[in-house]
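Colleague: This structure is in structure tokens; I'll ask about it shortly.
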Amino acid sequence: MTPSATEFPVLAIASNGHVSSVANDVALETCSRSAIRIGYYNLLILVDVAGRVFRVTGVEERTSPVWKRLFSRHTSVKLLLEPAERLTLDQVQDLGCDAMSRLPDQWEGTEDVEDAQDRVRKTRSSRELHELFL
């Protein structure tokens, strides 16, 4: 399955706790070469606005012209997705808050992690939740 099967935007929740909202499939499949090298996509979970959950089961770097590989730090990848269970809004909020707890420094400076988690728990729709992570 490919990212085109998802309804964008999607929440991307990495195993290290990084949470972000991704607007479209091009943004999802564009990354730095170091993201591939450090395993950013390993165990990545995607939650679309309909509450469907997808797990990234594989990533393949797309071939690009030699000049682009030499002069660009970014590359295009093909993600292989596996559908997982459908989640309620409460479950998605819990997933996001749990991830935020694993990477509290991401929220330091703008607000502390508890305040950010409170804002996540107060959302009333999946779309509103996605907008928090833009």
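The values are calculated or read from the model by the stated rules, or taken from the named source; none is laboratory data. The model shown is predicted, which means the values in this text are computed figures rather than measured ones. As a convention, Cβ positions derive from the backbone with ideal geometry for all residues, glycine included, and neighbour counts pool all protein chains shown.
Colleague: From (1) within 15 Å of the chain's Cα centre (by Cα); (2) among the charged types (D, E, K, R); (3) within 19 Å of residue 23 (Cα to Cα), pick out the condition that doesn't hold for residue 98.
Modeller: Checking residue 98 against (1) within 15 Å of the chain's Cα centre (by Cα); (2) among the charged types (D, E, K, R); (3) within 19 Å of residue 23 (Cα to Cα), the one that fails is (3).
Colleague: What pairs can you find where one residue is in the range 39-57 and over 18 Å from residue 97 (Cα atoms), the other is of a type in the set (Ser, Thr, Tyr) and surrounded by fewer than 20 Cβ atoms within 10 Å (Cβ to Cβ), and their Cβ atoms are less than 7 Å apart, with a gap of 6+ or different chains?
Modeller: 42/15
Colleague: Name the single residue that is nearest to the chain's Cα centre (by Cα) among those in the range 10-26 being closer than 16 Å to residue 81 by Cα and not in a strand (DSSP E or B).
Modeller: 14
Colleague: Another question about this same structure. So which of 76, 21 is touching a residue at least 40 places away in the same chain (Cβ under 8 Å), in contact with a His (Cβ under 6 Å, 6 or more places away or on another chain) and not β-branched (Val, Ile, Thr)?
Modeller: Values: 76 fails: in contact with a His (Cβ under 6 Å, 6 or more places away or on another chain).
Unique residue meeting the criteria: 21.
Colleague: Among the residues of the range 101-122, is any closer than 24 Å to residue 54 by Cβ, at pLDDT 90 or above and either within 15 Å of the chain's Cα centre (by Cα) or in a loop (DSSP other than H, G, I, E, B) (or both)?
Modeller: Within the range 101-122 (the criterion being closer than 24 Å to residue 54 by Cβ, at pLDDT 90 or above and either within 15 Å of the chain's Cα centre (by Cα) or in a loop (DSSP other than H, G, I, E, B) (or both)), the answer is no, since none of the residues qualifies.
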